[in-house]
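Take a look at the structure below.
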Amino acid sequence: MVSEPEQPVSLQDERLQLMMPRIELNAQVNAEQLASEVADILEGLFPARDGAIALHEPEFSERAEATVLECIRSTFVSSVGAFVSEFEVRLAEQCDVAHAVAMVNGTAALEVALRVAGVEANTEVLLPSLTFVATPNAVSHLNAVPHFVDINEETLGIDSAALRQHLNQVGESKAGQFFNRETGRLISAIVPVHVFGHPVAMDELIEVADSFGIAVIEDAAEALGSQYKGRQCAAMGLLGAMSFNGNKIITTGGGGAVLTNNADLADMARHLSTTAKRPHPWAFEHDRVGYNYRMPNINAALGVSQLQELSDRIARKRVLAMAYIDGFAGHPDLRIVREPEHTVSNYWLNTLLLEPHAAASRDVIVQALNDAGFMARPVWEPMHTLDIYADAPRALLPNTESLAERIINLPSSAKLAELLP
């Protein structure tokens, strides 16, 4: 096991001082009362609801039904087809990139993006610990090693200042490449994650990445339509990866995509994900070990119809987010996470953030909301706390560990905007 760098005494003292008032204030928060207040606010936001409200539901219009039916009647429902090509063109236009390559899911897309970016076995990939398990899994599928770094509270994404400090402490440059001095492994990529649709501060992150000569591959699985300083998520790094799972802002059932402005990398992603088969009318010649990862035509048909509805869906989700923000405004114990400065968020999942002194109330609130018919959930367990990644290298993660105890996701389907009073 790689040991965590020894923590400076001054930082240890600072964290202990922060913990002491938190423990004292926890005793002043009545968890059951706070949970009741949260449930009452949601009841007030959705007075006309008919039954339980899910966390995030897909929406399918008559256009979606017609497009999928057209695909079925064509009989071209598998791997590559006309709807796949159309979906890729429309997606590239939406994300303001030159190339999109449709995949079977977001994990496959991120794995392929990492591979064509040059991530190899026994190298390290920097990524946040507060993410869905698919992010480090994509790294592990390449026999590379996740290296977890801290996040900040404003964006819920990688903290660039903390990252720079960490790399200066543990890394060294050799022959134009950057290595982890403690493990001897090359650091081959940085993967920022736009958590819940909120964009990472990409200018600062790219500046750090460039100063250490490390490629940036965006995990924009949750951030379709989100923007940072007018630029679309998934369009700012060397490559980006997206997901169109059933719980995303638009869905193809299962699906994902690699996005890039680099034609060579796009061609390689397309080739590798199509079993690395050389083009030929009938011959089966494969020049690399590839993947059967291309999106089926029937899934792409659903995606084509959904992309046409994206702007309306984002608009409704932003109305919902503003209602949540107003509903919890001024509460002393919690608040709604707002889009960071210089960004436009798709607000994929609305996030209730407990103040540190109320952190111990999280599970009581989650239980009370679910009992009241509002599906809510805590954030993922930080990846470094899972047994499968317990030995992975990591920076100090104070913000990650604090935020993981304080986040609650609230019902976020776009159609909920229509239930608001």
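The values are calculated or read from the model by the stated rules, or taken from the named source; none is laboratory data. Owing to the predicted nature of the structure, the values given are computational and were not obtained by experimental measurement. Quick reminder, even Gly has a Cβ in these numbers, built from the backbone with ideal geometry, and neighbours come from all protein chains shown.
The selection criterion, being touching a Cys at 6+ places or on another chain (Cβ under 7 Å) and in a loop (DSSP other than H, G, I, E, B), does not hold for residue 221. Exactly one residue among 86, 154, 120, 93 is within 22 Å of residue 210 (Cα to Cα) and either out of contact with any Cys (no Cβ under 6 Å at 6 or more places or on another chain) or basic (Lys, Arg) (or both), and that residue is 120.
Scanning the stretch 1-41 for residues that are part of a helix (DSSP H, G or I) and at pLDDT 50 or above returns 31, 32, 33, 34, 35, 36, 37, 38, 39, 40, 41. Taking first residues from the stretch 64-75 that are surrounded by 12 or more Cβ atoms within 10 Å (Cβ to Cβ) and partners that are of a type outside the set (Phe, Trp, Tyr) and not in a helix (DSSP H, G or I), the Cβ contacts under 9 Å between residues at least 6 apart in sequence or on separate chains come to 64/309; 71/77; 71/81; 74/81.
From the list 201, 221, the one residue that fits, being buried (at least 24 other Cβ atoms within 10 Å of the Cβ), among the small types (Gly, Ala, Ser) and closer than 30 Å to residue 350 by Cβ, is 221.
Of all residues in the stretch 128-175, how many are in contact with a His (Cβ under 6 Å, 6 or more places away or on another chain) and either in a helix (DSSP H, G or I) or outside the structural domain of residue 208 (by TED's automatic domain parsing) (or both)? Number of matching residues: 0. Of everything in the stretch 79-106 that is out of contact with any Lys or Arg (no Cβ under 9 Å at 6 or more places or on another chain) and farther than 19 Å from residue 264 by Cα, the residue that is surrounded by the fewest Cβ atoms within 10 Å (Cβ to Cβ) is 82.
Sub-7 Å Cβ pairs linking a first residue in the stretch 43-56 that is in a loop (DSSP other than H, G, I, E, B) to a second residue that is exposed (fewer than 13 other Cβ atoms within 10 Å of the Cβ), at least 6 apart or interchain, are 47/421, ordered by first then second residue. In the stretch 348-376, the residues that are under 27 Å from residue 221 (Cα atoms) reach residues that are in a helix (DSSP H, G or I) and of a type in the set (Ser, Thr, Tyr) with C-beta atoms within less than 6 angstrom, at least six apart or across chains, in these pairs: 350/324.
Inspect the stretch 159-176 for any residue being buried (at least 24 other Cβ atoms within 10 Å of the Cβ), of a type in the set (D, E, K, R) and in contact (Cβ under 8 Å) with a residue 12 or more places away in the chain and give the result as yes or no. Scanning the stretch 159-176 turns up at least one residue that is buried (at least 24 other Cβ atoms within 10 Å of the Cβ), of a type in the set (D, E, K, R) and in contact (Cβ under 8 Å) with a residue 12 or more places away in the chain. Residues considered: 51, 106, 44, 118. Of these, the only one that is over 21 Å from residue 302 (Cβ atoms), assigned by TED's automatic domain parsing to the domain that holds residue 266 and modelled with pLDDT of 95 or more is 118. Note on the stretch 204-218: residues that are charged (D, E, K, R) and crowded, with 19+ Cβ neighbours inside 10 Å total 1. As a summary of the residue check, residue 216 satisfies the conditions (1) farther than 22 Å from residue 148 by Cβ; (2) without any contact (Cβ under 8 Å) to a residue 40 or more places away in the chain; (3) touching a helix residue (DSSP H, G or I) at 6+ places or on another chain (Cβ under 7 Å); (4) β-branched (Val, Ile, Thr) except for the one numbered (1). Within the stretch 240-268, the residues that satisfy the criterion of being crowded, with 19+ Cβ neighbours inside 10 Å and assigned to a helix (DSSP H, G or I) are 265, 266, 268. Does the stretch 216-236 contain at least one residue that is farther than 19 Å from residue 94 by Cα and at pLDDT 95 or above? Yes: one or more hits. Within the stretch 334-354, being among the charged types (D, E, K, R) and touching a Leu at 6+ places or on another chain (Cβ under 6 Å) holds for one residue alone: 335.
Can you name every residue in the stretch 93-106 that is of a type in the set (Gly, Ala, Ser), under 19 Å from the mean Cα position of the chain (by Cα) and more than 16 Å from residue 245 (Cα to Cα)? If the condition is that a residue be of a type in the set (Gly, Ala, Ser), under 19 Å from the mean Cα position of the chain (by Cα) and more than 16 Å from residue 245 (Cα to Cα), then 100 is the only one that fits.
Applying the condition of being surrounded by fewer than 18 Cβ atoms within 10 Å (Cβ to Cβ) and within 23 Å of residue 404 (Cα to Cα) to the stretch 107-139 and asking which residue is farthest from the chain's Cα centre (by Cα) yields 137.
Could you please let me know if residue 271 is assigned by TED's automatic domain parsing to the domain that holds residue 113, in a helix (DSSP H, G or I) and farther than 19 Å from residue 246 by Cα? Here the answer is yes, as residue 271 does meet what is asked.
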